[in-house]
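Taken together, the values in this text are just the output of simple stated rules run on the coordinates, not laboratory data. Quantities reported herein were computed from a predicted structural model and do not represent experimental measurements. Glycine gets a Cβ as well: all are built from the backbone with ideal geometry, and neighbour counts include every protein chain shown.
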Amino acid sequence: MSDYLIDMFGLRGKTAVITGGGQGIGRMIAEGFVRAGARTIIASRKFDVCEQAAADLSSFGTCIPVQADLASTEGCLAFASHLRGAGEAVHVLVNNAGATWGASYAEYPAHAWNRCMELNVHAVFELTRALTPDLVAAATAEDPARVINIGSIDGMHVPIYENYAYAASKAALHHLTSVLAGRLAVDNITVNAVAPGPFESKMMRSTLEEHGADLVTRIPLGRIGRSDDMAGIALFLASRAGAYLTGALIPVDGGLVTTR
Ligand SMILES: NC(=O)c1ccc[n+]([C@@H]2O[C@H](COP(=O)([O-])OP(=O)(O)OC[C@H]3O[C@@H](n4cnc5c(N)ncnc54)[C@H](OP(=O)(O)O)[C@@H]3O)[C@@H](O)[C@H]2O)c1
């Protein structure tokens, strides 16, 4: 690769933290970051899953698994203090861990609201705030620290399949992204959101099994997302190439919501 491309899109010398980085979309981003040279920390509740992903990615670079339950303020604070105790810098924070719940209007359970709002919105605020001193320490005006929130196209349109709390939580996350971008620009921290369309993951397994063929016919680019599609947008936002962007919401959906 040319020096120009390495300067533009490479992450050598940076440390990135990806919540939910052991599988699915977080794992796709982790692979892109490790291959681009970032020291990459992946965290979720299932340590064995993170450990396996880190081992798989170790042939490309450094990936460190951490066990963390981020669905509460205490969990977010404990994770932040673990990183600090381990002497880790944080140049990039990807708030990717998320939960969904699908059910009909009549049967939608109250507990789905707590689950989706806590992890998809509140935890993003708590973890970002807890890591703000670390992001500030890693940032310069020329090369800001980055927060990348993984939203969803379901927070942008009326979802095809019923998932009331999830859609509302993702719309809230998109708005929180703009609010935090406004607050943190003065600290040289950018905050952007990516809104994925359908990508293969545990969360999407049953939807794709049941409705995959129908979904693909609705996507103008004619396929579901691939690992590189997600790694590409995250690399852009984390690298020199994305340094002058904040408060943006970027749909990565093959045109599913952007053309309708
Ligand atoms: N796949 C898609 O098509 C799609 C589309 C739009 C948006 N998204 C968004 O992409 C993100 C990743 O989802 P995914 O599709 O990759 O689904 P996934 O495979 O189910 O991944 C969810 C991740 O979140 C972690 N997580 C869940 N609860 C957690 C907790 N309490 N503390 C820490 N980590 C927790 C999970 O790990 P543990 O279970 O080990 O904790 C897992 O790594 C989510 O925010 C989702 O809303 C996905």
Checklist outcome for this item: Ordered by number, the trypsin sites (Lys or Arg not before Pro) in the stretch 153-227 that occupy a DSSP loop and have at most 13 other Cβ atoms within 10 Å are K202, R223, R226
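State the extension gain, in nm to one decimal, for the chain segment bounded by V186 and A141, taking 0.36 nm per residue of separation less the distance between their alpha-carbons. Before the final figure, lay out each step's value.
Details: separation 45, 0.36 × 45 = 16.20 nm, distance 0.92 nm.
Between V186 and A141, full extension yields 15.3 nm more.
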Item to check | Long-range amide H partners of I64 with built H, under 5 Å | outcome: T40, I41, I42
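To the nearest 20 debye, what charge dipole does the chain have about its Cα centre, counting +1 at the Cβ of each Lys and Arg and -1 at the Cβ of each Asp and Glu? Intermediate results must be reported in sequence, preceding the final value.
On the way: 20 positive and 25 negative charges, 45 e Å.
Using Cβ point charges on Lys, Arg, Asp and Glu, the chain gives about 220 debye.
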Checklist outcome for this item: Checked against the positive end of the charge dipole of the chain (+1 on Cβ of Lys and Arg, -1 on Cβ of Asp and Glu, about the Cα centre), the farthest of A185, L235, V94 is A185
Item to check | Exposure rule at most 12 other beta-carbon atoms within 10 Å, DSSP loop GluC sites (Glu not before Pro): the chain longest free segment | outcome: 143-260
Next on the checklist: So if I take the alpha carbon set of the stretch 62-170, get Rg, then get Rh from the Kirkwood formula, what is the Rg over Rh ratio?
Outcome noted: 1.05
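What is the stretch 3-252's relative contact order, in percent, from Cα pairs under 8 angstrom and six or more apart in sequence?
Numbers: 499 pairs, mean separation 52.6, N = 250.
That works out to 21 percent.
Contour minus end-to-end for I160 and H175, with contour as 0.36 nm per residue of separation and end-to-end as the Cα-Cα distance?
Details: separation 15, 0.36 × 15 = 5.40 nm, distance 2.13 nm.
Net length gain for the segment: 3.3 nm.
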Next on the checklist: Roughly how far apart, in whole Å, are the Cα centres of the stretch 77-120 and the stretch 183-260?
Outcome noted: 18
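When a/c reaches 1.5 or more, the comparison of a/b and b/c decides; with that in mind, is the stretch 132-233 rounded, prolate or oblate per its Cα gyration tensor?
Working: a/c = 3.01, a/b = 2.02, b/c = 1.49.
Since a/c reaches 1.5 and a/b is larger than b/c, the shape of the stretch 132-233 is classed as prolate.
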Checklist entry - In the stretch 3-252, with Lys and Arg counted as +1 and Asp and Glu as -1 at Cβ, which of these residues, A139, G75, G155, has the Cα nearest the positive end of the dipole, that is, farthest along it? => result A139
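Please state the shape class of the stretch 44-107: rounded when a/c is under 1.5, otherwise prolate if a/b exceeds b/c and oblate if not, all from the C-alpha gyration tensor.
Details: a/c = 2.53, a/b = 1.53, b/c = 1.66.
Judged from the Cα gyration tensor, the stretch 44-107 comes out oblate (a/c at least 1.5, b/c at or above a/b).
Mind listing which chymotrypsin sites (Phe, Trp or Tyr not before Pro) in the stretch 178-260 are in a DSSP loop and have 12 or fewer other Cβ atoms within 10 Å? List each step's numbers first, then the result.
Numbers: sites: F199, F236, Y244; in loops: Y244.
Those satisfying the criteria are Y244.
Taking neighbour counts of Cβ atoms within 10 Å as a proxy for exposure, in what order, fewest first, do S44, S227, S201, S169 appear? Can you show the working numbers first?
On the way: S44 23, S227 16, S201 19, S169 29.
Arranged by neighbour count, lowest to highest, S44, S227, S201, S169 become S227, S201, S44, S169.
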Checklist entry - Looking at the stretch 3-252, what % of the alpha carbon pairs are farther apart than 28 Å? => result 27
Checklist outcome for this item: For the stretch 40-145, listing trypsin sites (Lys or Arg not before Pro) in a DSSP loop whose Cβ sees at most 14 other Cβ atoms within 10 Å gives K46
Checklist entry - What list do you get for S152, S81, S178 if you sort them by fewest beta carbons within 10 Å? => result S81, S178, S152
